[in-house]
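Structure first, commentary second.
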Amino acid sequence: MTETKDTSATVFRTRFLLAGAAWFILVAAVLVAVPLVFSDRLPDPVATHWGPSGGPDRSAPAVILTVVPLVLWAVLAASCLGFGRRRHLVTSRAGRSGIVAGLAWSGIFLIGVQAVSIAANLGRSRWQDAAPITWQAILVVAVAVACAMLAGWAARRGPDEQPPAPDAAVPDLAPGRRVVWVSSASAPLLLVLSGAALAASAAFAVLRLMGLSGHAWQTAAVLAVVALAGFAFSTVSVRVSSEGMRVAFGPLRWPARRVPLDRIDRAWVEERYPSQVGGWGYRGLPGRATIMVRGGACLVVRYTSGGQLAISVDDADRGAALLNALVARHGTRSP
């Protein structure tokens with residue numbers, strides 16, 4: 001039974017990578033073919049940079065309209081497909097969605113930037129006569145982000161491998177044996193929205209560097225702050241060891257909060273949902289709070305002071321069992 005599952009996962013990953021390679025070839029073909037088709041209607045050099053007023057202020061050889069987007073596409077696509085080689089990312093919906101969204105955004109954005117640049121130069125005898133670019137840059141970003149979100153949503157169809165159910169039995173805490181439990185939970189929608197905001201921020205930064213938008217730095221900065229804040233609250237990770245409990249936020253596991261064992265009374269598991277605690281995120285007040293990123297089983301910790309902290313995290317049963325065992329052992333060692 002296990003062998004069949006592994007084979008099907010391998011086949012799915014192979015098909016996924018083949019589809020990604022086909023998308024790479026398609027986008028690369030467009031980036032090469034479009035400038036060739038219109039080459040006889042473009043000046044040489046062409047306008048490649050537009051100032052704050054929207055008018056062209058810098059030029060380069062016409063081949064730059066092909067070379068730069070093609071090189072950027074090769075780097076970005078190789079990075080996304082590199083993640084696709086990891087089986088656990090492809091066979092999980094969240095990982096697969098992120099890879100597909102990244103491929104979609106990169107390809108559509110680069111095609112859009114190239115198309116806008118060619119359209120501005122098309123039919124001009126000199127690069128100085130190129131058409132101004134203003135709202136077109138915003139449209140490229142919006143279309144690329146929309147396509148990325150749609151592709152990410154579509155990629156969630158298919159297998160979603162879950163780790164095997166853990167054994168919540170009392171762990172073996174024999175002398176000299178070090179036991180550590182680590183688990184996490186994420187809010188997929190917030191991750192997607194944060195990724196979209198970060199992609200839009202990068203797009204506006206690229207547009208500003210290319211001179212296609214005069215006030216893109218401010219927009220890029222705001223979107224970057226929004227994306228980082230979203231990432232920080234989209235994921236929670238809990239680590240239980242002989243040093244106590246560590247609760248960390250975001251994909252980078254920062255910021256983090258540490259709770260030593262001597263401050264913990266006991267732990268258990270409860271079913272809690274956003275509707276019960278007032279929504280997602282950090283709910284409540286210090287002393288009785290819930291960190292809610294998804295509804296379901298939560299690890300609930302009661303402090304010796306009487307306060308409580310509930311954390312929506314996977315594998316909560318085993319985490320509670322280990323924490324209780326460590327607290328009991330710590331209590332027997334205390335004078």
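The values are calculated or read from the model by the stated rules, or taken from the named source; none is laboratory data. None of these values were measured; they are calculated from a predicted model. Reconstructed Cβ throughout: ideal geometry from the backbone, glycine too, with neighbour counts over all protein chains shown. The area values use the complete protein model at the heavy-atom level, side chains included, leaving out ligands, DNA and RNA. Shrake-Rupley method; radii C 1.70, N 1.55, O 1.52, S 1.80 Å.
Observations
- Any hit, segment 271-294, residues being touching a Gly at 6+ places or on another chain (Cβ under 8 Å), among the acidic types (Asp, Glu) and open to solvent by 10 Å² or more (accessible area, probe 1.4 Å): yes
- In segment 151-163, the residues that are among the acidic types (Asp, Glu) and outside any helix (DSSP H, G or I) form Cβ pairs under 7 Å with partners that are open to solvent by less than 100 Å² (accessible area, probe 1.4 Å) and at pLDDT below 80, at six or more places apart or across chains, as follows: Asp160/Ser92; Asp160/Arg93; Glu161/Ala9; Glu161/Thr91; Glu161/Ser92.
- Yes/no for Ala267 being among the aliphatic types (A, V, I, L, M) and farther than 16 Å from Ser186 by Cβ: yes
- Test for Asp44: is it open to solvent by 70 Å² or more (accessible area, probe 1.4 Å), modelled with pLDDT under 90, in a strand (DSSP E or B) and among the acidic types (Asp, Glu): no
- Residues located in segment 47-76, provided they are closer than 20 Å to Gly123 by Cα and surrounded by fewer than 13 Cβ atoms within 10 Å (Cβ to Cβ): Pro61
- Ser237 meets each of the listed conditions (1) without any contact (Cβ under 8 Å) to a residue 40 or more places away in the chain; (2) touching a Lys or Arg at 6+ places or on another chain (Cβ under 6 Å); (3) surrounded by 17 or more Cβ atoms within 10 Å (Cβ to Cβ) apart from (1).
- Of all residues in segment 287-320, exactly one satisfies the criterion of being farther than 21 Å from Phe231 by Cα, in contact (Cβ under 8 Å) with a residue 60 or more places away in the chain and basic (Lys, Arg), namely Arg318.
- Residue match in segment 157-169 (condition: buried (at least 17 other Cβ atoms within 10 Å of the Cβ) and either over 30 Å from Glu243 (Cβ atoms) or at pLDDT below 75 (or both)): no
- Residues of segment 240-256 that turn out to be on the phi < 0 side of the Ramachandran plot and open to solvent by less than 90 Å² (accessible area, probe 1.4 Å), as a count: 11
- Of all residues in segment 102-140 being at pLDDT below 85, aliphatic (A, V, I, L, M) and touching a helix residue (DSSP H, G or I) at 6+ places or on another chain (Cβ under 6 Å), the one that is farthest from Ser59 (Cα to Cα): Ala137
- Taken over segment 112-121, the criterion of being in contact (Cβ under 8 Å) with a residue 24 or more places away in the chain and open to solvent by 40 Å² or more (accessible area, probe 1.4 Å) is satisfied by Ala115 alone.
- Scanning segment 91-110 finds one or more residues that are open to solvent by less than 20 Å² (accessible area, probe 1.4 Å), within 30 Å of Arg157 (Cα to Cα) and outside any helix (DSSP H, G or I).
- Among the residues of segment 309-326, those identified as open to solvent by less than 10 Å² (accessible area, probe 1.4 Å), over 24 Å from Ser275 (Cα atoms) and aliphatic (A, V, I, L, M) are Leu322, Leu323, Leu326.
- Selection of segment 134-151 for residues being under 18 Å from the mean Cα position of the chain (by Cα), open to solvent by less than 40 Å² (accessible area, probe 1.4 Å) and closer than 16 Å to Ser201 by Cβ yields Val141, Ala144, Val145, Ala148.
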